[in-house]
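Scroll down for the structure; my scribbles are underneath it.
The values are calculated or read from the model by the stated rules, or taken from the named source; none is laboratory data. What you see is a predicted model; the values in this text were computed from it and never measured. Every residue, glycine as well, gets a Cβ built from its backbone with ideal geometry; the counts of neighbours run over all protein chains shown. Note: accessible area is taken over every heavy atom of the protein model, side chains too, but ligands, DNA and RNA are not part of it. Shrake-Rupley method; radii C 1.70, N 1.55, O 1.52, S 1.80 Å.
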Amino acid sequence: WYVLSGTLRLRIDGEDYDVPAGSGIVGPRGVPHTFGNPSDEPARYVLVMSATTDALLKELHGGFSGDVAALFEKYGCSLLG
């Protein structure tokens, strides 16, 4: 993630990082990670993903209505929590 404006909060392998505008951070493959916006201010960011993640998200957001955990497994990803 590269933050253009605002702040993102990332949790990578159980540790939280606040990433302000003008900064970036990597969520390595195989390491549990998630992100959110810790404030009321909109956050804009650029996210570079692997082809596997891109295909998963395209399928998920393309009207997918099945088992999300099975979809993640199809692409070699795990859905935690």
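The H on the amide N of LEU8, modeled in the peptide plane, is under 5 Å from the matching H of VAL19, each at least 5 residues off or on a different chain.
As a length-normalised measure over Cα pairs under 8 Å and 6 or more apart, the relative contact order of the chain settles at 29 percent. Helix 51-61: angle to the longest alpha-carbon principal axis of the chain, degrees 0 to 90, nearest 10? So the inclination is approximately 80 degrees. Annotation: amide H-H contacts under 5 Å for SER23 (H modelled 1.01 Å from N, sequence separation of 5 or more, or interchain): VAL3. Pop out the carbon and sulfur fraction of the accessible area of the range 11-81 as a percent, whole number, probe 1.4 Å. Whole-percent figure for carbon plus sulfur exposure: 53.
In nm, give the distance between the simple-model label positions of SER39 and ASP54, each being 7 Å from the Cα along the Cα-to-Cβ direction. Output for this residue pair reads 3.1 nm.
Within the full protein context, the accessible area of LYS58 is estimated at about 140 Å² for a probe radius of 1.4 Å.
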